[in-house]
Amino acid sequence: MKPDQVLLQYFHNLVDIDKALSYVHHDAKFIAAFEKETDRHYFYGTYYGIEGVRTLLSKFQKDLDTQEFEIRKILADETTALAWGRFKHRIRPTGKMFESHWAVVCEVKDGKIKYFRGFEDTGALEAAYRED
């Protein structure tokens, strides 16, 4: 599979963590917004390997009720895919909506995602978690 197809399959299978993880390389490095953990939000940081990505996806599954997820475009070459779009999630702990445009860059090796870095509106994410 080409990198764009791998990324699409990963996205389409996010409702089932084990299926999504079948598209993740055992030496994967996934970066959620910031490379280092921060007290700004517990999603942020770098997650390594299949178990690290499982931890990240479990956090998403626990807190995010996806209302909309749109892929606007994917560009790819032999090893890399870039994608962008928009999403809307209801934040389960607060009931607030989190809407953002997003972008992802990933590198694929042996038909699996080895590097993944996501970008989104972190200010909107943090605001959606604040209790009023």
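The values are calculated or read from the model by the stated rules, or taken from the named source; none is laboratory data. Worth saying up front: this structure is predicted, and the values here are computed from it rather than measured. As a convention, Cβ positions derive from the backbone with ideal geometry for all residues, glycine included, and neighbour counts pool all protein chains shown. With ligands, DNA and RNA removed, areas are computed over all heavy atoms of the protein, side chains included. Shrake-Rupley method; radii C 1.70, N 1.55, O 1.52, S 1.80 Å.
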message = Can you tell me which residue is most open to solvent (accessible area, probe 1.4 Å) among those in the range 20-56 that are part of a helix (DSSP H, G or I) and within 20 Å of THR122 (Cα to Cα)?
response = THR55
remark   = For the range 1-19, the count of residues that are open to solvent by less than 50 Å² (accessible area, probe 1.4 Å), over 14 Å from PHE116 (Cα atoms) and either at pLDDT below 95 or part of a helix (DSSP H, G or I) (or both) equals 1
task = Select from the range 100-125 the residues that are part of a strand (DSSP E or B) and surrounded by fewer than 16 Cβ atoms within 10 Å (Cβ to Cβ) and list them in ascending order.
result = HIS101, ALA103, LYS109, PHE119
request  = Give me a count of the residues in the range 41-60 that are of a type in the set (S, T, N, Q) and without any contact (Cβ under 8 Å) to a residue 24 or more places away in the chain.
outcome  = 2
inquiry  = So, LYS36, is that one of a type in the set (Lys, Arg) and under 26 Å from ARG72 (Cβ atoms) or not?
reply    = no
request  = Tell me, please, whether a residue that is within 12 Å of the chain's Cα centre (by Cα) and aliphatic (A, V, I, L, M) can be found in the range 92-101.
outcome  = no
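Rundown of residues vs (1) more than 15 Å from LEU8 (Cβ to Cβ); (2) at pLDDT below 95, yes/no style:
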| site | (1), (2) |
| --- | --- |
| LEU64 | yes, no |
| GLN67 | yes, no |
| ALA81 | no, no |
| ILE91 | yes, no |
| THR94 | yes, no |
| GLU107 | yes, no |
| ARG117 | yes, no |
| ARG130 | yes, yes |
key: Of the criteria (1) open to solvent by less than 60 Å² (accessible area, probe 1.4 Å); (2) over 19 Å from ALA28 (Cβ atoms); (3) in contact with a Gly (Cβ under 8 Å, 6 or more places away or on another chain); (4) of a type outside the set (S, T, N, Q), which one PHE69 fails   = (1)
request  = Considering only the range 86-99, state which residues are of a type in the set (Lys, Arg) and outside any loop (DSSP other than H, G, I, E, B).
outcome  = ARG86, LYS88, ARG90
message = The conditions are (1) surrounded by 14 or more Cβ atoms within 10 Å (Cβ to Cβ); (2) over 15 Å from the mean Cα position of the chain (by Cα); (3) not in a loop (DSSP other than H, G, I, E, B), and ALA83 fails exactly one of them. Which is it?
response = (2)
query = Within the group ASP16, ASP4, ASP63, which residue is free of Cβ contacts under 8 Å to residues at least 12 places away in the same chain, under 23 Å from LYS88 (Cα atoms) and more than 12 Å from the chain's Cα centre (by Cα)?
reply = ASP16
